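Shown next, in structure tokens, is the structure this report addresses.
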Amino acid sequence: MKNIIKKFQEKFNVEIITKIVLIYILLQPVFDILSFLYVRNYIPIGISTVLKPLFVFGIGIYIFLTNKKQRKKYMAIYVIYGILMIVHSLILKDIFVANSVILHEIRFMINIAYMLVLFMILEYMYQNNTNKQEFIKKLKKTVVITFLIYCITIIIAILTGTSGKTYEYADASKAGFKGWLDSGQIFGHALSITLPFLIYYLLNIKTKHKVINILSKISIVIPIIILLLIGTKVTYFIALIVLASHFVIDLIYFIKDKEKNNLISSLICLVVLIASLLSYNYLPVKKNIDINNNVLSVDMSASANGSETNREDLLKLQQEINLSEQNSNKSQWEQARLKRVKNYYNWDLESSKLLEQQYATGKVHPADTRTRQLVYNFNKYKLSSIQYKLFGLGYLNQPTSLSIERDILMIIFNFGIIGFLVILLKPILIWIKSAFIILKNHFHTELDTLYLFEGFSIFFCISVYAGYTFIYTNFSIFLVIIILLLRDSLNKYSDKNLDKYFKKIYTKNKDSFYEEIEQDLTNNKKNFIITANPETIMQAEKNEELEKAYLDKETTVVADGIGIVKGAKKLKYNINETIPGVEIAVKLLELGDKYKKKVFLFGAKKEVIEAMKNIIKEKYSNCEIVGAVDGYVEDKDLVFEEMQKVGPDIVLVALGIPKQETLIYKNLNKFEKGIFVGIGGSFDVISGMKKRAPKIFIKLKLEWLYRILKEPKRLKRFYQSHIKYLFKIYEI
């Protein structure tokens, strides 16, 4: 049996999977046309509705089961998402409002799981193809061909008079063409995020055939024409923004590099941009904007009273509550359910009343759909109890007209904070890292990176402003591809790795470390201890003095923080236990008390130093305090000269990273003995001036979170250290 599985794996290898997935991408126009035909009742079965999830989840399951690395990487995400689906369904199961059905809710969450599985599949292909750059070239080419196929089919549909209308389901009076596709908005948004890269790719095709080179440059007009004909404001203005950005950026790069092709690209985009602006009065978007403006100009405030609070779904729910209350033989479970339903009803009613007030005062127009949805959903979420804030109010638990279309906001309101973190944290972190690298390299950033980043940024803008993005399978596949291509392009700017820092970290357990420093103390040896956390390493990356101190063969480095342990695990280093600086300081004071050693305190505020002296006298009375200087003295080197004269056995320095480490290292050669350690804010904790995090935070290794909650101003510092560290370790 094992041999059969092994042979199957050999035949169904990464090269075969890559070919199959690339063909699947090319077939997206076919799948979407089949969906259109099914919706129009031209074919009896929604083939693509079945085939697309079967294909993606089938490949995903195969990779998950046969590739240990991908299984390990995505296990936590899938488990958490599975728990989210279960909890989300459980808290909504007894509140059937409007068109809510749990199976529909789960189906909707499976659409999002489709995107998560696509991440794993494409990452697997990228990591396991022996020639990564050849794979990337094929993927880029496949995406370009796919969208050209989409665009050509739409043009054929328009010319033959068989095209569907973009707004046919919402407002038949509006103009716009979507070809043989079920949704013009979803396709338009998918094309919008791909457009910056698409234009760049077509303008930079270089072959021996001049005709192909010319045709590729002319062909950039095709996707622009389609975006203009779809008839939505979003697609029209994105086309203008992308063309304008290409004109400006390509021109800047021509001036910088004197590359003739950049000037040609810039001028082509300028010509197409001017043509797009001049054609506005003849485009569907003009008619649609006029229709919207006419509708919004009509005063409907007089008809606001009862327009939302008398909705059928609310009246139905009120009847259900009344019937349940009349039942005097309710079980405890039924009473609890009734309470939940009443709470949900009250949140809905209050939000509906707020909408009516907004209509009456003219703040919101009843025809302004997206604003209505936002006001209603935001207020309902604000009123809801904690479990709904964490796991969501349910996508289908409101009338269709009030189901929020803006995808990112929809995730927060309808799938809660947990859903938002599970689904969107990784894309957001990738965007932040990309922005940071581009800003850091500014004019040295290559154009393909800039345009992939622009497309990714357009996704966030659309998903907040309009919607119809990643929650749909015929969009999310292109979002995942753009993200993968962007991540690959960022590899050109990757910094030096962090292995050298992890090689220095102490690998034995805490007890062994304490035994060793006890021996050093009793034998009058000299030892400089650095407590390493993500901030220490990120500071060492940009501070040569700290890096030198850290990497010195005589320096002892210990892991102070769960971030180091997790990073070590990722980089295959055997570091399993943290040894926090505050605990080292306390242990040294205990040893100083045991062996009657001399202690020198340096750093923190005057009142903290005084409190430290009192604590030592009370709890560690056998210690001899031979010096206690606050951290606000001007000449800190002079303190070490005075310190040398008294010959301390234990030196605790609390000046913060990197000052305490660099100062100790600079003056270390003046001493023959002594345990030196920089302990940051530990004096505040030991002296009782500040409380350490509660035990639950310490046990869960979340002291960093507790400190941020207590002092939000630490967020900037947290980004500079921990977030950048996360980017480096996990190659986000």
* Which one of these is under 26 Å from Phe671 (Cβ atoms) and in contact with a strand residue (DSSP E or B) (Cβ under 7 Å, 6 or more places away or on another chain): Lys504, Lys525, Lys508? -> Lys504
* Of the residues Leu84, Leu65, Leu122, which is at pLDDT below 90, assigned to a helix (DSSP H, G or I), buried (at least 17 other Cβ atoms within 10 Å of the Cβ) and under 28 Å from the mean Cα position of the chain (by Cα)? -> Leu84
* In the range 172-185, is there at least one residue being among the basic types (Lys, Arg) and out of contact with any Asp or Glu (no Cβ under 9 Å at 6 or more places or on another chain)? -> no
* To do: Name the one entry in Gly656, Gly680 that is buried (at least 18 other Cβ atoms within 10 Å of the Cβ) and either closer than 21 Å to Met538 by Cβ or within 40 Å of the chain's Cα centre (by Cα) (or both).
  => Gly680
* Structure fact -> The residue that is nearest to Glu312 (Cα to Cα), considering only those in the range 394-405 that are touching a residue at least 40 places away in the same chain (Cβ under 8 Å) and either within 22 Å of the chain's Cα centre (by Cα) or surrounded by 17 or more Cβ atoms within 10 Å (Cβ to Cβ) (or both), is Pro399
* Output for the range 355-369, where each listed residue is without any contact (Cβ under 8 Å) to a residue 40 or more places away in the chain, in a helix (DSSP H, G or I) and surrounded by 18 or more Cβ atoms within 10 Å (Cβ to Cβ) -> Gln358
* Structure fact -> Heads up, the helices (runs of 4 or more DSSP H) in the range 413-526 (entirely inside) with at least 3 residues that are touching a Phe, Trp or Tyr at 6+ places or on another chain (Cβ under 6 Å) and β-branched (Val, Ile, Thr) are 473-490
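The values are calculated or read from the model by the stated rules, or taken from the named source; none is laboratory data. Keep in mind that this is a model prediction, so the values were computed, not measured. Note: ideal-geometry Cβ built from the backbone for every residue, glycine included; neighbour counts use all protein chains shown.
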